[in-house]
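Enquirer: Quick one: this structure, given as structure tokens, is what I'll be asking you about.
The values are calculated or read from the model by the stated rules, or taken from the named source; none is laboratory data. These numbers were taken from a predicted model, which means no experiment stands behind them. Quick note on the areas: whole protein, heavy atoms, side chains included, nothing else; ligands and nucleic acids left out. Shrake-Rupley method; radii C 1.70, N 1.55, O 1.52, S 1.80 Å.
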Amino acid sequence: MAKERGRRVIAQNRKARHDYHIDDTFEAGLVLTGTEVKALRAGRASLVDGYAVVMNDEVWLQGVHIPEYSQGTWTNHAPRRTRKLLLHRKEIAEIGAATRESGITIVPLALYFKDGKAKIEIGLARGKREYDKRQTLAKREADRDAARQLAEHNRRHS
């Protein structure tokens, strides 16, 4: 079997980018069981309720749902179990220092395979207020309208 190349996204947390300002992002490996990897290869996972915590100089991912593997037996995993993230010591120290600050949390942004290995993108996030969310939506809508008008203008004058 040929080795996978590139990045194949399994799940994204679009809601996180809407609800939080993402200050910094990190790519981490995951400690998974065999049935979890097979379930991910089938393209099934949900990051919606996920978050990460730093405990004893290790980062742990919690609340991420990887459903049980359909062909699994008694060796199947618990869907919402706590999973260890693999990061460099300097990155863990940086994340730990940032989360000690009030209002900073660690949220999963994307789960994907990179060169055949399961990876997760986590972000240091600061919660948005309601007016920030409205402002973001208004800006996105204005950008969309401007792009639409520019495309219309280019179409007419070409």
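Enquirer: Given the whole protein assembly as supplied and a 1.4 Å probe, what does the accessible area of Y69 come to in Å², nearest 10?
Expert: Surface open to solvent at Y69 totals about 50 Å².
Enquirer: Now for a different question. Of D57, D143, D19, which has the most accessible area with a 1.4 Å probe, and how do the rest follow in descending order?
Expert: On the way: D57 130, D143 80, D19 35 Å².
Descending accessible area places them as D57, D143, D19.
Enquirer: By how many nm would the segment from Q135 to Q12 grow when fully extended, if each residue of separation counts as 0.36 nm and the alpha-carbon distance is taken off? Could you put the intermediate results ahead of the total?
Expert: On the way: separation 123, 0.36 × 123 = 44.28 nm, distance 2.26 nm.
Full-extension gain reported as 42.0 nm.
Enquirer: A 28 angstrom limit on the alpha carbon distance is what I want to check against. Which of K38/K84; K84/K139; K117/K139; K15/K119 exceed it?
Expert: On the way: K38/K84 18 Å; K84/K139 37 Å; K117/K139 36 Å; K15/K119 19 Å.
Flagged as over cut-off: K84/K139; K117/K139.
Enquirer: Roughly to the nearest percent, how much of the accessible area of the chain is carbon and sulfur, given a 1.4 Å probe? Spell out each step's value before the answer.
Expert: Details: 5090 of 10240 Å².
Heavy-atom surface of the chain belonging to carbon and sulfur, 1.4 Å probe: 50 percent.
Enquirer: Quick one: how many Å² of K114 are accessible to a 1.4 Å probe, rounded to 10?
Expert: Taking all protein chains as shown, K114 has close to 80 Å².
Enquirer: Sticking with this structure for a sec: Sort E68, E121 from largest to smallest accessible area, using a 1.4 Å probe on the heavy atoms of the protein chains.
Expert: On the way: E68 100, E121 35 Å².
Per-residue accessible area, sorted high to low, gives E68, E121.
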